[in-house]
Structures are given as C-alpha cells and as structure tokens.
Amino acid sequence: MLLCYALTAGAVALGSGGANAALVHDLVTFSATSFSSFPSGATPPVDPVTGSFTITFDPTMTYTDQTAGIKLTGLNIPLDSSLAFNYSPAGPVADGLVVGGLADGVCCLTINPTSSSDFYLYVTTFTTSPTF
C-alpha cells in the first residue's frame, strides 16, 4: 500500500539562521503527530513521525528540487527517493522552505499505486522565525 505524508507540526530548526548573504547551515529535527495520510484513512506506520536533516544553502537564491546541500540524518517512515528541497527568498511565499522526497518533486505528493513512499515538510519564514 502506498502511504504518503504531509507533515505539519512540531519541527525545530537548530543552528545559524537570520536572513543575510551568508550561507544558512542548519540541523533541522522534527516530530509530527498532525499529518494527512494518502489515501484517506490510511494508517500511518508510526506515530509520531520523526526525522532530521542538515541543510546548507544561500538564502538569496531560489532552489527547486535541489539535492545538493541537504542530507537526511534520520527518518522513521519509508522514503523511496532522494531527499531534496525548494526555497525562495521572494515568493510565492517569501523565505519558504519545502523539504521532501524527490519522487514526485519536492512540492508534491502523487497518489498513484506505482508511486514510491514520500513525504514533505513545509516551513515558512525559515531563516528568520521558522513556522512549521
């Protein structure tokens, strides 16, 4: 059975933050119990979903499906693709970071029996005051 998760709560960003021209380098750990499962009614394999990753990037640049600069350091649910991220200093949501599996693109979860296990984590105002 295909299970995909959109994590929405309980994450913590650690490390250097602050929007400036310097590289952002953070260790992000998260623990989530409020998430949506696809298909509807699917039982999550674990509760809570926990994980961590390190990320390094230039906060003045835009990234899409970027695999360089991010490394998964722990995840207690299946992920059948590379970890990647999207980031934009401007928009559509300024300073927004999306992290997830690359199988369907970081921004998306495809509900399809041939898709792999996937998830995404969305963080607003990542470099200033992260909100998960």
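Give, as a single signed number, the net charge of other residues whose beta carbon lies under 14 Å from the beta carbon of Ser52, with Lys and Arg counted +1 and Asp and Glu -1.
After counting each charged neighbour, the total is 0.
Report, by chain and number, residues whose modeled amide H sits under 5 Å from the one on Val93, excluding near sequence neighbours (fewer than 5 apart, same chain).
For Val93, whose amide H was placed from the backbone, there are no distant partners under 5 Å.
Long-range amide H contacts for Ser117: which residues qualify at under 5 Å (H placed 1.01 Å from N, peptide plane, sequence gap of 5 or more or a different chain)?
Asp80
Using 7 Å Cα-to-Cβ label points, what is the Thr33/Ser82 separation (nm, one decimal)?
3.6 nm
Quick one: length gained pulling Ala42 to Leu75 fully straight, 0.36 nm per residue minus the C-alpha distance?
Going from the current span to full extension adds 10.0 nm.
Can you order the peptides 117-125, 91-99 by their average number of other Cβ atoms within 10 Å per residue, highest first?
117-125, 91-99
Sum up the charges of everything whose Cβ sits under 13 Å from the Cβ of Val24, counting Lys and Arg as +1 and Asp and Glu as -1, but leave Val24 out.
Taking every other residue near Val24 into account, the sum is -3.
Only the coordinates and a few stated rules stand behind these numbers; no lab work does. As the structure is a computational prediction, the values presented were derived from the model and not from experiment. Quick reminder, even Gly has a Cβ in these numbers, built from the backbone with ideal geometry, and neighbours come from all protein chains shown.
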